[in-house]
Amino acid sequence: MRNSRGKKDLGDYIITVDGVTKTFPNGVRALDNFSTRIRRKEVLVIIGPSGSGKSTFLRCLNGLEEVDRGRIIVDGIPLDRNKKNRLEIRKEVGMVFQLFNLFPHLTVLENVNLAQRLVRKKSKEEATRTSMELLRHVGIPEKANTFPNHLSGGQQQRVAIARALAMKPKVMLFDEATSALDPEMIGEVLDVMRRLAREGMTMVVVTHEMGFAREVGDWMIFMENGRIVEEGTPEDIFENPKEERTKGFLSQIL
């Protein structure tokens, strides 16, 4: 059993991934007997070169990709071919992508309201109260009636985070949430993610932002070729990596 970094009072395991393999039709094996466990309130940071399987892993966690072998259990619910289970897990696992995926014909408020109305069956008034609270939380309540194409990239990503949080997920997945942003916009999105971490949100974060990983992560995984090359606390990975491949990767990006 792995040790905790000890920055937080972490709970029991909310996600178990056991022996997951995922191969795409072109023959690329994106995940190769991948296993890990994630605690409640933990921030797991995943790093690695392009094509190492990081994004595929996140997509498997919320059922966007089918796995070939292995099992994933989220808060006691097996992520299998049972449609009811998959829908339940998607309610509990929010995901923020590299691109914002906002509906351009809807205002910010309407974007955040939509899933609450359709999936959670909230009234318009109840959804709007929740949405405005979340827009205040991510620092852009004044943009509620603005259309996405009138927002900066950082603002659009904060709307995407608010939209995911509106479903009251137990876990948040971030897939390179800052990679499509101009450098001056990255900080505002990372600030929102830092706040979520402080509030105890369970988070799985794929990122190239090493300062953020060191500051916020409780546990880190370095991936390559669909496998875990090395894992440990941020101190372990950054200050005393054991694997030569990890050392080589970090030497190129730090």
Fill in the blank from the handout: Residue by residue through the stretch 166-182, the couplings from Karplus 6.51 cos²θ - 1.76 cosθ + 1.60 with θ = phi - 60°, in Hz, x for Gly and Pro, are 4, 7, 6, x, 8, 9, 10, 10, 10, 9, 6, 5, 10, 5, 8, 9, 5
Exercise for the section: Give the percent of DSSP beta bridges with both residues in the chain that are antiparallel, rounded to the nearest 5. Expected result: 55
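Using Stokes-Einstein with the Kirkwood hydrodynamic radius over Cα pairs, what translational diffusion coefficient do you get for the stretch 156-229 at 25 °C and a viscosity of 0.890 mPa s, in µm²/s rounded to a whole number?
Reported coefficient: 186 µm²/s.
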Problem - the stretch 87-236 - Debye-derived log10 I(q)/I(0), Cα point model, q = 0.19, 0.21 Å⁻¹ - result: -1.17, -1.37
Fill in the blank from the handout: Most fluctuating of 143, 54, 242 in the GNM of the chain (C-alpha, under 10 Å) is 242
Practice task
Would you mind telling me which residue in 206, 229, 93 has the biggest mean-square fluctuation in a Gaussian network model of the chain, where springs connect alpha carbons within a distance under 10 angstrom?
Solution key: 229
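Which percent of the accessible heavy-atom area of the chain goes to carbon and sulfur, probe 1.4 angstrom?
Carbon and sulfur atoms account for 47 percent of the accessible area of the chain.
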Practice task
Return a whole-number percent for the relative contact order of the chain, with Cα pairs under 8 Å and 6 or more residues apart as the contact set.
Solution key: 26
Fill in the blank from the handout: Summing +1 per Lys or Arg and -1 per Asp or Glu among the other residues with Cβ less than 15 Å from residue 191's Cβ gives 0
Fill in the blank from the handout: With x for Gly and Pro, the residue-by-residue ³J(HN,Hα) of the stretch 100-117, computed from phi through the Karplus equation 6.51 cos²θ - 1.76 cosθ + 1.60 at θ = phi - 60° and given in whole Hz, is 7, 6, 7, 7, x, 8, 10, 5, 3, 4, 5, 4, 6, 6, 4, 5, 4, 6
Fill in the blank from the handout: On each of the three principal axes the extent of the alpha-carbon atoms of the stretch 95-180, given in whole Å and largest first, is 35, 29, 22
Problem - DSSP beta bridges in the stretch 141-254 [antiparallel fraction, %, rounded to 5] - result: 50
Exercise for the section: In debye, nearest 20, what is the charge dipole magnitude of the chain about its Cα centre with +1 on Lys and Arg Cβ and -1 on Asp and Glu Cβ, if you could check? Expected result: 1040
Fill in the blank from the handout: Connecting every pair of Cα atoms under 10 Å apart in the chain and solving the GNM, the largest mean-square fluctuation among 171, 17, 96 falls on 17
Exercise for the section: Averaging sequence separations of C-alpha pairs under 8 Å and six or more residues apart, then dividing by the length of the stretch 1-117, give the relative contact order as a whole percent. Expected result: 23
Problem - √(5λ) per eigenvalue of the Cα gyration tensor, the stretch 23-134, largest first, Å - result: 30, 17, 14
Exercise for the section: Enter the accessible area per residue of the chain (Å², integer; probe 1.4 Å; all protein chains in place). Expected result: 47
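The values are calculated or read from the model by the stated rules, or taken from the named source; none is laboratory data. This structure is a prediction, so every number in the text was calculated from the model and none was measured. Heads up, the Cβs are rebuilt from the backbone with ideal geometry, glycines too, and the neighbour counts pull from every protein chain shown. Only protein heavy atoms, including side chains, enter the accessible area calculation; ligands, DNA and RNA are left aside. Shrake-Rupley method; radii C 1.70, N 1.55, O 1.52, S 1.80 Å.
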